[in-house]
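Only the coordinates and a few stated rules stand behind these numbers; no lab work does. Predicted, not measured: the structure shown is a model, and the values here were computed from it. Cβ atoms come from the backbone with ideal geometry, glycine included; neighbour counts cover every protein chain shown.
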Amino acid sequence: MAFTHVLVPTDFSDPANHALRYAIEEAALHHANVTLLHVLAAHTETEVYYVTGSPSSEGYDPVAGARLGPSSPAQPTVVRHDDNEEALTRLRDLVPQAFHDTWGVEIAAGHPAEAIVRVAQERKVDLIVMGTHGRTGLQHVFLGSVAEKVVRLAPCPVLTVRYKG
């Protein structure tokens, strides 16, 4: 079976990076497109912080031995943290330079399993390759398994790659 479009969901964990290596090999073998996907929480927003200088506008000059007069207030520095942009940069950094076929990156929002299945349907993906943490017992019961839910709901085959780290 020849694959034309491989979707690789990632949470930037070691198991996801391990699965990416498998996906790249499979995609290169079939000359398939690869889409790397990261799912953010549904209500992720850009955070903006304004940082200013010292709160006091007067100071003491130890050389002159005198107080300094009021100075003009420092311009605030704007610090912007955008999870979306950060994730896009991290996704682009994951694709190896040696991979010469077509690839892209995408960000989705919502519950990870549902978002992965939705993107697979929208992009007409014919293979999903994803890592699994391999949790068992109570950890699996309480945390669930994104990979397991994707396998049950996906419109295409899903290759799960277990990471033994």
Original post:
Out of residues 5 or more away from residue 5 or on other chains, whose amide H comes under 5 Å of its own, with H placed 1.01 Å from N in the peptide plane?
Top reply: 33, 126, 127
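Sorted by packing (mean other beta-carbon atoms within 10 Å per residue), highest first, where do 150-158, 5-13 land?
On the way: 150-158: 16.4, 5-13: 21.4.
Top to bottom by mean Cβ count within 10 Å: 5-13, 150-158.
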Original post:
Looking only at the stretch 13-35, which residues have a backbone nitrogen under 19 Å from a spot 7 Å from the Cα of residue 93 in the C-beta direction?
Top reply: 13-21
